[in-house]
Amino acid sequence: MIISALTDIGNHRESNQDTYDCGIFETGDSWVVVCDGMGGVSGGQIASELCVEKVSSAIKRGYRENLSVKAAQNLLLSAITASNSIVHNKAQEEPQYHGMGTTIVAAIIIKNIVVIAHVGDSRAYILSGETVKQITKDHSLVQLMIDNGKITADEAKTHPDKNIITRAVGVVNFVDVEFDVCDVNSGEKLLVCTDGLSGSVSDEEMINIINEYSDSSAEKLVEKALENGSRDNITVVVMSAQGE
C-alpha cells in the first residue's frame, strides 16, 4: 500500500473537527480510521480525537498476521464499542460536551481484502480505472428518504437536511456498527473521506484527480473540494494497492 492523506479545516469553520490516523504494518497489511465530530466547536473535535485514538490503538494492538475477516470485524466492533462508551461517558460527565459524537470509517486491509466498519455519513470508496464504487451506505436522513423513494440521489445532494445523520459514535450508550467486506486489487485504490469531500467533489472529479496524481492525490482532492465551495472540514485518505 501507498498512502496519501490530508485533513483541512476548510474555509468556513472555526476548528477542524475531523481526525484521522492510518498506517502500514510490517506484513504489508494496512489500516485507516477517519472520524468527523459533531457537537459544538470543542465537543466535535474532542469526540473525533477520542474515537480515532481509541480505535487506532486497538487496531495496532490487536492486529495479527493472517488475521481472518471475522477476527478483523470483531476487532473493529470491540474498538468502536469501547470508543462509544468513552465518548458518551465524557459527554455525560462534562456538560459542555453534552450531545457530542462522531462518525467513523475504520478499515483493515489484509492482503487484498478490505474489512470496513462505519457509523454515520463518512464514506469509503473503491476506485478502479474509470470506475468509482461507494462501499459504505450513509446512515443519514436523506439516505432513508432515498430508500423510501421520497427523493432521488441527485435531490439528496442539495436537500436542506443532507447533513442530518441517523447514527453516531458516542451520542447514546449503544452504537450500531455496519460492516462491509470487499477486494482491493493491484492498481485499485481505497478512498476514505468525510462529507467535506464527498459532499462537494463528484465521482468523475474524484477518479480524474486520482488517476492523474499519485502521491499527492489527497492534497489535490482537498484543493478541488475547496475550489468547489465545500463548507465543512475536509479529510481524505487514499490507499493505493501495489502489485507484488
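Data for the structure
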| quantity | calculated |
| --- | --- |
| Which numbered condition F174 fails, given (1) in a loop (DSSP other than H, G, I, E, B); (2) among the hydrophobic types (A, V, I, L, M, F, W, C); (3) buried (at least 16 other Cβ atoms within 10 Å of the Cβ) | (3) |
| Scope the stretch 158-171; condition within 27 Å of M100 (Cβ to Cβ) and either among the acidic types (D, E) or not in a strand (DSSP E or B) (or both); matching residues | H159, P160, D161, K162, N163, I164, T166, R167, A168, G170, V171 |
| Those residues of the stretch 77-96 which are touching a residue at least 12 places away in the same chain (Cβ under 8 Å) and closer than 13 Å to N173 by Cα, in sequence order | I80, T81, A82, S83, N84, S85, I86, V87, H88, K90, A91 |
| Residue list for the stretch 17-39, restricted to those being of a type in the set (D, E, K, R) and either more than 16 Å from K60 (Cβ to Cβ) or buried (at least 22 other Cβ atoms within 10 Å of the Cβ) (or both) | D18, D36 |
| Residue in the stretch 7-16 that is modelled with pLDDT of 95 or more, touching a helix residue (DSSP H, G or I) at 6+ places or on another chain (Cβ under 6 Å), assigned to a strand (DSSP E or B) and crowded, with 20+ Cβ neighbours inside 10 Å present | yes |
| Count of residues meeting criterion [under 19 Å from the mean Cα position of the chain (by Cα) and small (G, A, S)] in the stretch 129-159 | 1 |
| Qualifying residue in the stretch 141-163 (condition: in contact with a strand residue (DSSP E or B) (Cβ under 6 Å, 6 or more places away or on another chain) and over 13 Å from D121 (Cα atoms)) | no |
| Selection count, the stretch 195-244, where residues are without any contact (Cβ under 8 Å) to a residue 40 or more places away in the chain, open to solvent by 10 Å² or more (accessible area, probe 1.4 Å) and touching a Leu at 6+ places or on another chain (Cβ under 7 Å) | 1 |
| Count - residues of the stretch 133-163 that are touching a Leu at 6+ places or on another chain (Cβ under 8 Å) and either within 24 Å of I86 (Cβ to Cβ) or modelled with pLDDT of 90 or more (or both) | 1 |
| Hits in the stretch 203-244 (condition: in contact with a Gly (Cβ under 9 Å, 6 or more places away or on another chain) and of a type in the set (A, V, I, L, M)) | I207, V222, A225, L226, I234, V236, A241 |
| Residue that is open to solvent by 20 Å² or more (accessible area, probe 1.4 Å), outside any helix (DSSP H, G or I) and at pLDDT 95 or above, where the choices are V192, V181 | V181 |
| Residues that are modelled with pLDDT under 95 and either aromatic (F, W, Y) or in a helix (DSSP H, G or I) (or both), drawn from the stretch 27-43 | G40, V41, S42, G43 |
| Matching entry among D215, D232 (being at pLDDT below 95, within 18 Å of the chain's Cα centre (by Cα) and outside any helix (DSSP H, G or I)) | D232 |
| Hits in the stretch 46-72 - residues which are open to solvent by 40 Å² or more (accessible area, probe 1.4 Å), modelled with pLDDT of 95 or more and polar (S, T, N, Q) | S57, S68 |
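The values are calculated or read from the model by the stated rules, or taken from the named source; none is laboratory data. Since this is a predicted model, take the numbers as computed values, not measurements. Ideal geometry is used to build each Cβ from the backbone, glycine not excepted, and the neighbour counts take in all protein chains shown. Note: accessible area is taken over every heavy atom of the protein model, side chains too, but ligands, DNA and RNA are not part of it. Shrake-Rupley method; radii C 1.70, N 1.55, O 1.52, S 1.80 Å.
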